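Below: the structure, in structure tokens.
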Amino acid sequence: MSRFSLGHRVTMQDVARQAGVSKASVSRFIGEDRGLLSEAIAGRIEQAITTLGYRPNQMARGLKRGRTRLIGMLVADIRNPYSVAVMHGVETACRQHGYTLVLCNTDRDPGREVEQLDALRAYNIEGLILITLGGHAEQLKALRGELPVVLIDRKLESFGTDLVGLDNGAAVTLALDHLLERGYRDIALVMEPVEGASSRAERRAAFETGISARPGIKGRVLYTGEALADDLTDFRGRLDNGPKALFCANGVATLAATLVLAEAGVQAFDTLGLIALDDLDWYPLVGGGITALAQPTDAIGRVAFECLLRRLQGDTGPSRQIDVPARLIVRGSTPRRTHYA
């Protein structure tokens with residue numbers, strides 16, 4: 001049993017004194033030079049550590065060696081279910097490889113993004129994973145010169161670093177093909193304002209291109225916000241092109257559209273189809289369930305960390321863009337329409 005009180009922090013010197021060895025020997029034992037010690041000395045040190053309950057200061061050890069085993073992650077909105085799910089994948093991969101994740105949230109505030117980047121640098125992180133607003137490209141480029149950086153979901157022009165995210169074009173094509181096959185001919189894309197987010201811009205562009213390439217289909221884009229209720233009322237009231245459906249571009253847009261429809265007293269999916277990009281836990285609970293394009297968010301996080309790890313291990317090859325596919329999950333929100341309204 002340790003002879004130290006709860007208020008005393010056991011030090012390396014305490015361990016050395018207990019084991020009857022030098023402080024340098026203890027340092028070798030808990031570091032990377034344990035093989036230089038005899039079995040007898042190593043055994044005494046191990047016993048002393050157990051007896052005293054010594055816990056090495058990993059941060060101090062890392063700084064001494066120029067390594068902290070810390071990975072930084074900066075997200076634009078920690079409340080977004082996508083960010084949470086991706087973060088889980090990153091953290092799991094970090095832990096499996098002996099790294100610790102340090103998370104910072106900007107709350108979609110460009111000024112806060114600068115502050116959080118400075119905070120992460122103060123932790124001496126070894127690498128950085130970003131879901132960024134993209135408003136401080138020059139500062140991010142300067143940071144990239146100091147350590148490896150991997151982007152998730154959102155591109156930065158001429159940034160020259162690895163990017164991992166959804167294949168947005170293929171996902172939109174999958175959604176439109178499903179709605180077309182189910183008989184829908186009038187489709188509204190519901191999305192958050194682009195605000196510099198490349199993934200949102202890609203989804204909107206793919207939607208507009210897909211609509212124009214499919215004769216007989218009509219499409220429009222609606223945005224979340226105060227005008228959404230009026231815009232959805234107007235969309236539902238037009239009966240000039242056949243069965244209608246909403247294509248919600250992410251989980252935030254899906255929730256916004258579902259709440260507006262519920263407040264308007266619209267019976268779920270009786271007259272209006274709905275398909276959502278992202279697959280959230282509550283989707284099966286609405287009506288007969290919301291048809292979804294599931295993003296492999298956990299895999300996106302893991303792949304992002306693996307890209308970062310390769311860079312940490314010395315990979316200096318060209319930057320890569322890794323696009324992962326969505327998976328269609330059909331539920332009750334896209335019933336077949338056999339006639340035009």
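Some values worked out for this structure:
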read-out	value
The range 54-96, subset of a type in the set (K, R) and not in a loop (DSSP other than H, G, I, E, B), residue modelled with the highest pLDDT	R95
Residue match in the range 134-148 (condition: assigned to a strand (DSSP E or B) and in contact with an Asp or Glu (Cβ under 7 Å, 6 or more places away or on another chain))	no
Matching residues, the range 245-292, being of a type in the set (F, W, Y) and in contact with a helix residue (DSSP H, G or I) (Cβ under 7 Å, 6 or more places away or on another chain)	F247
Answer residue from the range 26-48, given it is more than 39 Å from the chain's Cα centre (by Cα) and among the hydrophobic types (A, V, I, L, M, F, W, C) and is surrounded by the fewest Cβ atoms within 10 Å (Cβ to Cβ) among those	A40
Count - residues of the range 135-171 that are out of contact with any strand residue (DSSP E or B) (no Cβ under 8 Å at 6 or more places or on another chain), in contact (Cβ under 8 Å) with a residue 24 or more places away in the chain and among the hydrophobic types (A, V, I, L, M, F, W, C)	1
Strands (runs of 3 or more DSSP E) within the range 265-341 that include 1 or more residues under 16 Å from the mean Cα position of the chain (by Cα)	272-277, 291-294, 321-324
Some residue of the range 145-159 being among the basic types (K, R), more than 30 Å from R336 (Cα to Cα) and within 19 Å of the chain's Cα centre (by Cα)	yes
Matching residues in the range 322-338 - criterion: being in contact with a Gly (Cβ under 8 Å, 6 or more places away or on another chain) and of a type outside the set (D, E)	I322, V324, R331, G332, S333, T334, P335, R336, R337, T338
When residues of the range 80-126 are limited to those that are among the hydroxyl-bearing types (S, T, Y) and under 19 Å from G196 (Cβ atoms), the one nearest to the chain's Cα centre (by Cα)	S83
Some residue of the range 188-209 being over 32 Å from the mean Cα position of the chain (by Cα) and touching a residue at least 24 places away in the same chain (Cβ under 8 Å)	no
Conditions (1) in contact with a strand residue (DSSP E or B) (Cβ under 7 Å, 6 or more places away or on another chain); (2) without any contact (Cβ under 8 Å) to a residue 12 or more places away in the chain; number of the one not met by L328	(2)
Answer residue from the range 157-198, given it is surrounded by 18 or more Cβ atoms within 10 Å (Cβ to Cβ) and of a type in the set (G, A, S) and is farthest from A299 (Cα to Cα) among those	A188
Selection within the range 173-187 - closer than 16 Å to Q295 by Cα and touching a Lys or Arg at 6+ places or on another chain (Cβ under 6 Å)	none
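Table: residues versus (1) modelled with pLDDT of 95 or more; (2) closer than 14 Å to D186 by Cβ.
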site: I211; (1), (2): yes, yes
site: R214; (1), (2): no, yes
site: G219; (1), (2): yes, yes
site: E226; (1), (2): no, no
site: R236; (1), (2): no, yes
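The values are calculated or read from the model by the stated rules, or taken from the named source; none is laboratory data. Just so it is clear, the model here is predicted, and its values are computed rather than measured. Ideal geometry is used to build each Cβ from the backbone, glycine not excepted, and the neighbour counts take in all protein chains shown.
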